[in-house]
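Trainee: A single structure is presented below for examination.
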Ligand code: SF4
């Protein structure tokens, strides 16, 4: 919808959204259009702006999804809408760069010594940008760096990182085959969950990384990553075990033919360290991903 707007109208909308945010208004309601019987009879493949469940595209299911959304969901939608507007008004430095290594470097340069959210002054040692294959078919996304990651500048290098490495290995892949990043790039103090404003400020950079890497599949590690990527407020029991169609919000890919990624949700490795009984469930999630990517597990892992 936004892409059909007149540039002047987009600019005016962007200014209006910024004005509301300065007033402290973050949540916007998107009123559903009154559909005529003729419109309702249109094919189910009509454009849907929010991330959609690939397996359940019916109106009833979309209604159920909306039921699951809290006020947080409405806020996320508003941010996505605003970001879409700003994306059109202000192209990103990496746009038009086909080389993913160079494009990721430009995103990192754009991030700079970031002070965009309060995490920059809450004890971070360094920004943890992301690591791995810039052309990976598979991405893992966690919620934020911990102490080890903050010290080393690389995501998932502590005990949870070791477990993630084992999970990747069990899939028949190497750490350097995939790309690993987090929703926020600075360590929240005391390893607390990143707060809403921090996620909203930082995640556009993750979206840009995803748009450059163009993975076939993304695995969200834990509920925080899943909820931020999908803008769905649901428990892990409902988030896991299904595929979601995913396109990074507010950015465009260097490859217009990239259809977006499929996204699956599994447990965060730190949670699996606390409750190893859930490792079998996580393995089921990874097997679903492997099947989609056509990966045969090494014999040892399959036994
Ligand atoms: S978490 Fe992200 S937005 Fe916040 S200061 Fe760090 S890099 Fe910047």
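Trainee: Sort 179, 244, 95 so the one with the fewest other Cβ atoms within 10 Å of its own Cβ comes first.
Mentor: The fewest-first ordering by Cβ neighbours comes to 95, 244, 179.
Trainee: Among 266, 201, which comes first, second and so on when ranked by fewest other beta-carbon atoms within 10 Å?
Mentor: Ranked by crowding around the Cβ, least crowded first: 201, 266.
Trainee: Here's another thing I want to ask about it. How many nm separate the modelled label positions at residue 116 and residue 152, each set 7 Å beyond the Cα in the direction of the Cβ?
Mentor: Between residue 116 and residue 152, the simple spin-label model gives 2.6 nm.
Trainee: Can you compute the FRET efficiency between residue 191 and residue 287 using 1/(1 + (r/R0)^6), with r the Cβ-Cβ distance and R0 = 25 Å? Round to the nearest 0.05.
Mentor: Efficiency at R0 = 25 Å is approximately 0.25.
Trainee: Taking the highest mean first, how do the peptides 164-176, 231-243, 135-147 order by number of other beta carbon atoms within 10 angstrom per residue?
Mentor: Answer by packing, highest mean first, reads 135-147, 164-176, 231-243.
Trainee: I'd like the FRET efficiency for residue 166 and residue 105, computed as 1/(1 + (r/R0)^6) with the beta carbon distance as r and R0 of 22 Å, rounded to 0.05.
Mentor: 0.15
Trainee: How high is the relative contact order of region 235-303? Use alpha-carbon pairs under 8 Å, at least six apart in sequence, and give a whole percent.
Mentor: 30 percent
Trainee: In addition: Roughly speaking, what is the centre-to-centre gap between region 228-303 and region 147-189 when only Cα atoms are used, to the nearest Å?
Mentor: 15 Å
Trainee: Over region 118-184, what is the relative contact order in percent, taking alpha-carbon pairs closer than 8 angstrom and at least six residues apart?
Mentor: Computed value for region 118-184: 47 percent relative contact order.
Trainee: If you don't mind, there's one more thing I want to ask. Give me log10 I(q)/I(0) at q = 0.22, 0.27 Å⁻¹ for region 192-245, Debye formula, one equal scatterer per alpha-carbon, no solvent.
Mentor: Listed by q, the Debye log ratios stand at -0.95, -1.24.
Trainee: Return one quarter of the surface area of the convex hull spanned by the alpha-carbon atoms of region 196-298, equal to its mean projected area, in nm².
Mentor: Details: hull surface 29.5 nm².
Value for region 196-298: 7.4 nm².
Trainee: For region 122-254, what's the relative contact order in percent, using C-alpha pairs closer than 8 Å and at least 6 residues apart?
Mentor: Dividing the mean separation by the residue count of region 122-254 yields 32 percent.
Trainee: Can you tell me which of 274-283, 215-224 comes out highest on packing, and rank the rest after it, using the mean Cβ neighbours within 10 Å?
Mentor: Top to bottom by mean Cβ count within 10 Å: 215-224, 274-283.
Taken together, the values in this text are just the output of simple stated rules run on the coordinates, not laboratory data. In this text the structure is predicted, and so the values were computed from the model without any measurement. So basically every Cβ, Gly included, is an ideal-geometry build from the backbone, and we count neighbours across all protein chains shown.
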